[in-house]
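Taking it in order: structure first as structure tokens, then the write-up.
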Ligand SMILES: [Zn+2]
């Protein structure tokens with residue numbers, strides 16, 4: 001099975017002359033990501049991988065980010081592995097005097113990060129990039145509770161199967177409304193939690209979870225199988241908490 005996938009992957013590279021990151025990896029071959037491509041090697045050999053359990057923390061007065069997001073028309077896609085909302089030109093996050101543009105956010109269920117060993121039913125990743133090409137991801141956890149009206153704006157258009165991007169011009173999303181009120185967060189150096197598992201990604205994970213109703217969670221789970229990577233070793237990294 002694995003060998004066949006590998007051959008298909010090599011075949012596709014020969015065919016297209018370039019690595020297509022959309023190809024080959026999935027949550028069934030999660031234990032083999034590092035072997036699927038040279039470019040995915042860090043998934044196996046990396047020492048700063050994401051996700052982690054946020055339990056052994058260093059308390060510190062941390063610099064808080066500010067969010068300068070504006071509403072943008074909903075652009076949504078089911079790419080076979082997650083539901084992705086594209087947010088180019090929606091604004092940025094200011095952090096340590098730098099602007100980080102919000103490129104997209106997407107969903108994992110159950111959560112990838114854990115807090116003191118506790119997993120959550122959903123995690124949202126808001127992916128940012130600064131002018132130097134570095135990435136910063138804000139992680140928002142969600143727990144079962146009241147119906148979430150903001151998520152519902154997106155949920156109303158959840159694609160039922162993998163599909164090209166849909167643009168819904170009269171539905172506006174504002175990523176700012178995803179953030180919990182309480183601003184306590186964890187900060188650490190990690191990686192992309194999907195291939196190519198690139199490191200030097202700045203992670204800011206909010207301590208307080210937002211709510212999602214059981215029906216909303218069920219709606220997502222029905223179209224998206226489990227898409228969370230296992231907890232990775234800390235390897236001596238510090239987790240700061242404010
Ligand atoms: Zn993610």
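The values are calculated or read from the model by the stated rules, or taken from the named source; none is laboratory data. None of the values given here were measured: they were computed from a predicted structure. Every residue, glycine among them, receives a Cβ derived from its backbone with ideal geometry; neighbour counts consider all protein chains shown.
Just a few scattered comments:
- Residue match in the range 21-28 (condition: within 15 Å of the ligand (Cβ to nearest atom), over 20 Å from residue 139 (Cβ atoms) and surrounded by 20 or more Cβ atoms within 10 Å (Cβ to Cβ)): yes
- For residue 133, the criteria (1) under 30 Å from residue 234 (Cβ atoms); (2) surrounded by 16 or more Cβ atoms within 10 Å (Cβ to Cβ) hold in every case but one, which is (2).
- Among the criteria (1) at pLDDT 95 or above; (2) under 16 Å from the mean Cα position of the chain (by Cα); (3) loosely packed, with under 15 Cβ neighbours inside 10 Å, the one residue 73 does not fulfil is (2).
- Unique residue being within 19 Å of the chain's Cα centre (by Cα) and within 16 Å of the ligand (Cβ to nearest atom) when the list is 212, 223, 239, 154: 154
- Hits in the range 48-65 - residues which are in a loop (DSSP other than H, G, I, E, B) and farther than 16 Å from residue 139 by Cβ: 56, 60, 61, 63
- Positions within the range 94-135 being in a loop (DSSP other than H, G, I, E, B) and either near the ligand (Cβ under 10 Å from one of its atoms) or under 26 Å from residue 231 (Cβ atoms) (or both), in sequence order: 109, 110, 111, 112, 113, 116, 117, 119, 120, 121, 134
- Scan of the range 172-193 for residues that are part of a loop (DSSP other than H, G, I, E, B), surrounded by 15 or more Cβ atoms within 10 Å (Cβ to Cβ) and more than 16 Å from the ligand (Cβ to nearest atom), ordered by number: 174, 179, 180
- Of all residues making up the range 194-234, the number that are outside any strand (DSSP E or B) and either closer than 28 Å to residue 29 by Cα or touching a helix residue (DSSP H, G or I) at 6+ places or on another chain (Cβ under 6 Å) (or both): 24
- Looking at 169, 196, just one residue is over 24 Å from residue 72 (Cα atoms), in contact (Cβ under 8 Å) with a residue 12 or more places away in the chain and either more than 16 Å from the ligand (Cβ to nearest atom) or surrounded by 19 or more Cβ atoms within 10 Å (Cβ to Cβ) (or both), and that residue is 196.
- Residue within the range 77-92 that is part of a strand (DSSP E or B), within 16 Å of the ligand (Cβ to nearest atom), closer than 23 Å to residue 239 by Cα and in contact with a helix residue (DSSP H, G or I) (Cβ under 9 Å, 6 or more places away or on another chain) present: no
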